[in-house]
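Quick notes on the structure that follows.
The values are calculated or read from the model by the stated rules, or taken from the named source; none is laboratory data. Nothing here was measured: the structure is a model prediction, and the numbers come from that model. Quick reminder, even Gly has a Cβ in these numbers, built from the backbone with ideal geometry, and neighbours come from all protein chains shown. Accessible surface is based on the protein model in full, side chains and every heavy atom, while ligands, DNA and RNA are left aside. Shrake-Rupley method; radii C 1.70, N 1.55, O 1.52, S 1.80 Å.
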Amino acid sequence: MPSIRALLKLYPEQLAQQNLPRISSFFVAAAGDRIVGCCALQIYSKRLAELRSLAVHSTFRRHGVASRLVELCKQRARARGVKELFAVTSQTGFFERAGFATFRREKTAMFFDVG
Ligand SMILES: CC(C)(COP(=O)(O)OP(=O)(O)OC[C@H]1O[C@@H](n2cnc3c(N)ncnc32)[C@H](O)[C@@H]1OP(=O)(O)O)[C@@H](O)C(=O)NCCC(=O)NCCS
């Protein structure tokens with residue numbers, strides 16, 4: 001978890017630093033003994049899970065690491081019988097390539113900041 005936190009800390013603007021998913025929710029990518037990528041699947045119910053804390057170290061970008069991590073999360077979701085995944089992200093291009101869409105069955109996700 002300290003290595004995951006260190007990776008997430010590189011992207012304070014894009015990624016939450018508090019209330020992270022528990023360690024068992026994460027998949028990680030390693031280069032030698034170093035964690036260079038991570039992604040978590042936070043399962044809320046059989047209906048819904050969130051893809052969270054996706055980060056790949058800049059040196060290892062554009063080699064399909066994030067795609068592989070997302071694929072592993074999708075496989076875990078399928079295995080657990082989860083119907084739908086969502087992600088709250090600024091990297092919409094990446095997620096569109098991964099098959100995510102803003103609109104699904106004419107619905108839009110809307111959020112309220114409780115404060
Ligand atoms: C977004 C991020 C995880 C992508 O990691 P990556 O390992 O470079 O992604 P991949 O190599 O798997 O990219 C898969 C495809 O998406 C494309 N892609 C990657 N980042 C993209 C972006 N920001 N916008 C559009 N396309 C993108 C790649 O070119 C690649 O396309 P290709 O298969 O046609 O070559 C990485 O840039 C990152 O850690 N960013 C900072 C943290 C962040 O913003 N996380 C997401 C918030 S949830």
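What to note about this one:
- Lysines whose Cα lies under 25 Å from that of K107, excluding same-chain neighbours fewer than 8 positions away: K46, K74, K83
- Pair-distance distribution of the chain: all C-alpha pairs, bin width 10 Å, starting at 0; shares per bin in whole percent are 13, 46, 34, 7, 0.
- Per residue of the chain, the DSSP helices (runs of n ≥ 4 H) give a summed -39500 (n - 2.57) that works out to -7000 deg cm²/dmol at 222 nm.
- At a probe radius of 1.4 angstrom, the accessible area of the chain per residue rounds to 72 square angstrom.
- Mean-position separation - Cα centroids, the stretch 58-115 and the stretch 8-55, in angstrom: 12 Å
- Carbon plus sulfur fraction of accessible area for the chain, probe 1.4 Å, in percent: 52 percent
- Lys, Arg +1 and Asp, Glu -1 on Cβ, resulting dipole of the stretch 60-105 about Cα centre, debye, nearest 20: 140 debye
- Beta bridges per DSSP, both residues in the stretch 2-97: antiparallel share near 80 percent.
- Protein-only accessible surface order, largest first, of Y11, Y44 at 1.4 Å: Y44, Y11
- If only the Cβ of Lys and Arg carry +1 and only the Cβ of Asp and Glu carry -1, the dipole of the chain around its Cα centre is close to 400 debye.
- With a cut-off of 15 Å between beta carbons, the residues surrounding V70 carry a summed charge of +4, where Lys and Arg count +1 and Asp and Glu -1.
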